[in-house]
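Some notes on the structure that comes next.
Computed from the coordinates by the stated procedures, all read-outs in this text should not be read as laboratory data. None of the values given here were measured: they were computed from a predicted structure. So basically every Cβ, Gly included, is an ideal-geometry build from the backbone, and we count neighbours across all protein chains shown.
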Amino acid sequence: MATKHSRMSARLMISPAVLLLLGWMLIPLSMTLYFSFLRYNLLMPGMEEFTGLTNYRFFLTDPAFFAALWNTIALVVGVLVVTVIGGILLALLLDQPFFGQGIVRILVIAPFFVMPTVSALVWKNMFMNPVNGLFAHAAKALGLQPFDFLSSAPLASIIGIVSWQWLPFATLILLTALQSLDQEQLEAAEMDGAPWIKRFWYIMLPHLARAITVVILIQTIFLLSVFAEILVTTNGGPGTASTNLTYLIYMQSLLQFDVGGGSAGGVVAIILANIVAIFLMRMIGKNLDA
Amino acid sequence: MGRITLDKVRKAFGDIEVIPPLDLTIEDGEFVVFVGPSGCGKSTLLRLIAGLEDVSGGQIRIDREDATNLPPAKRGLAMVFQSYALYPHMSVRKNIAFPMKMAGLPQDEQERRIEGAAKALNLTDYLDRKPGQLSGGQRQRVAIGRAIVREPAAFLFDEPLSNLDAALRVGMRLEISELHKRLATTMIYVTHDQVEAMTMADKIVVLRAGNIEQVGSPLELYNRPRNVFVAGFIGSPKMNLITGAEAAKHNATTIGIRPEHLAISTEGGAWKGEIGVSEHLGSDTFFHVTVEGQVEPLTVRASGEVSLSYGDTVWLTPNEANLHRFDAEGLRIA
Ligand SMILES: Nc1ncnc2c1ncn2[C@@H]1O[C@H](COP(=O)(O)OP(=O)(O)O)[C@@H](O)[C@H]1O
Ligand SMILES: [Mg+2]
């Protein structure tokens, strides 16, 4: 791509793809924007009319909005903390040579291949159910009162379920990063008198910084839009205790048939996601520079 | 102080014995070079001394104290790795300070030693750079700086120059030799390059398949190689090794003669041959001469002025006093 000519033809070649992508993204986006300024309820078809910012006013002053905002942040941060710390620990463990390493590695990755709906249902019915769940049985065996996870600690339970799904991803990325660490660096540090914990802190962790950044960025994108796990376990409840923004928009537009309000919520969510993205890139994006 | 003694030290990886039991003493302040072909166990031996590998048997003593089971950090040795093993996310200053920080040295003492090392190694202008922004030679010097500031009992170098280009290698060779003269600390230096071994060592240890073939000063090894392997390995260009009838005339299985101990003449001499390739170095010229009855061409050193060309007929005469004789086991005779 050195000469003017080759740059020109490169631009020409990729322009169809760029235009296609642009249309792909722009058309739904502008339609959402358009709907968000309409009074548009599915129960009253053909009655659409322009209402200006009313949808936004309703959405942003709804107490459920602040609850959902808070829940979204708690969900994202909670899962990130669990998966990054858990992923580092698991990666350190899996990096050690031990018998049956290959099989254990496959088992660790397995949860990633389970569909969110399925895994959430399994967790709900087989583990967290206060009557039949494994945890309830364990509690009873120990003579304790079974804990009703999904109604007493709905958000924490969902954080647990989602973390379980994403832990393999974090582990996998961090494990590959750990394996790419030059062993001579660790040996040099060992000769320099650094015990294991200092080798971890001064050599391994900085080496992992990049991989941790990738894990945080990618997971944040997906965690902002967690939906299936909430739908099949708590339905956002009790009250709004486990409603995140995605789920709130779903309730608004499909359970209350208010397409206008839902679209306004969607636009708000897009803006918030971009604010998060800008913050993330500012804070940790420099780790991605080579 | 840095006197290191290896007593029947043995190393096996699984069933494969890489280093059979081996004895060696390295005196305090000595510059010892382990030299041998690739894969002969030089690095393994060095890592055993450093404590990065556990011995399979025998004892390692450092200053008369048993260090066989000491962890690397407790042995008081500093190592310079082939890949430099600098910490890429730390500045040069932090890299050099790292061992002192781990040892908990006071801040001003750290500063003082960093300044000293940086000045000695020409790194003062680069202290705030990251290793990735340095050239190969500079990285090498940072690795050495990181070793110096610990004031170790001995330095261990594992092929430190093999990643540098030829010109830089000659320069760094001199710098390391100078460092040794100045610090007078024991240094153990591993290389597969016999030129490095000859130019730097007080004492050379020639290794083959984990065995010590010979230990001695560079000139001892050059003048009196103990066996055919050392004879062929030390010296550049290599010693000419001749077997068969010519060797039998001298009551030996193999005779060896260095290129500079062969006289070349166009009139007459002991062996008749034909000039093959010639290498002109300016001061010297090396002729590869195919001698009748010999498979391998012989290398001959002549002065740079001698002009002979491809295909010329010449006669070679060995200097009998400098002839090396080896028996059927390859060992030197007298
Ligand atoms: N960790 C190891 N496991 C098994 N074999 C090894 C290991 N390290 C070295 N070896 C073997 O030991 C021999 C000597 O290796 P090394 O000491 O690295 O040679 P050198 O440094 O002289 O080139 C080689 O044959 C190598 O394959
Ligand atoms: Mg080696």
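Some observations on this one:
- Net charge dipole size for the range B:197-257 [Lys, Arg +1 and Asp, Glu -1 on Cβ; Debye, nearest 20]: 60 debye
- Of all complete DSSP H helices in chain A, those with a Cα span along the helix axis of 27 Å or greater and a mean Kyte-Doolittle hydropathy of 0.0 or more are A:4-36, A:63-95, A:154-179, A:259-284.
- Modelled spin-label separation between residue A:275 and residue B:280, with each label point placed 7 Å from Cα along the Cα-to-Cβ direction: 8.0 nm.
- Trypsin sites (Lys or Arg not before Pro) within the range B:29-98: DSSP coil, no more than 14 neighbouring Cβ in 10 Å: B:64
- GNM result for chain A, Cα springs below 10 Å: residue of A:86, A:260, A:100 fluctuating most strongly: A:100
- Computed over the range B:237-326, Kirkwood Rh from alpha-carbon pairs, angstrom: 13.1 Å
- Computed log₁₀ I(q)/I(0) - Debye formula, equal Cα scatterers, no solvent, the range B:4-230, q 0.08, 0.10, 0.11 Å⁻¹: -0.29, -0.46, -0.55
- Principal-axis tilt of helix B:136-148 within chain B, Cα atoms, nearest 10 degrees: 60 degrees
- Restricted to Cα atoms, the range A:75-208 shows a radius of gyration and a Dmax of 18.6, 56 angstrom.
- Cα long-axis angle, helix B:166-183 against chain B (0 to 90 degrees, to the nearest 10): 60 degrees
- For the range B:33-59 versus the range B:200-219, the inter-centroid distance based on Cα atoms is 14 Å.
- C-alpha long axis of helix B:107-120 to longest principal axis of chain B, angle in °: 20 degrees
- Diffusion coefficient, µm² s⁻¹, Stokes-Einstein with Kirkwood Rh over alpha-carbon pairs of the protein assembly as shown at 25 °C and 0.890 mPa s: 78 µm²/s
- The range A:158-290 shape via C-alpha gyration tensor axes, a/c threshold 1.5: prolate
- When chain A is treated as a Gaussian network with alpha carbon springs shorter than 10 Å, the biggest mean-square fluctuation among A:141, A:209, A:277 belongs to A:141.
- Gaussian network model of chain B, springs between alpha carbon atoms under 10 Å - residue of B:45, B:105, B:281 with greatest fluctuation: B:281
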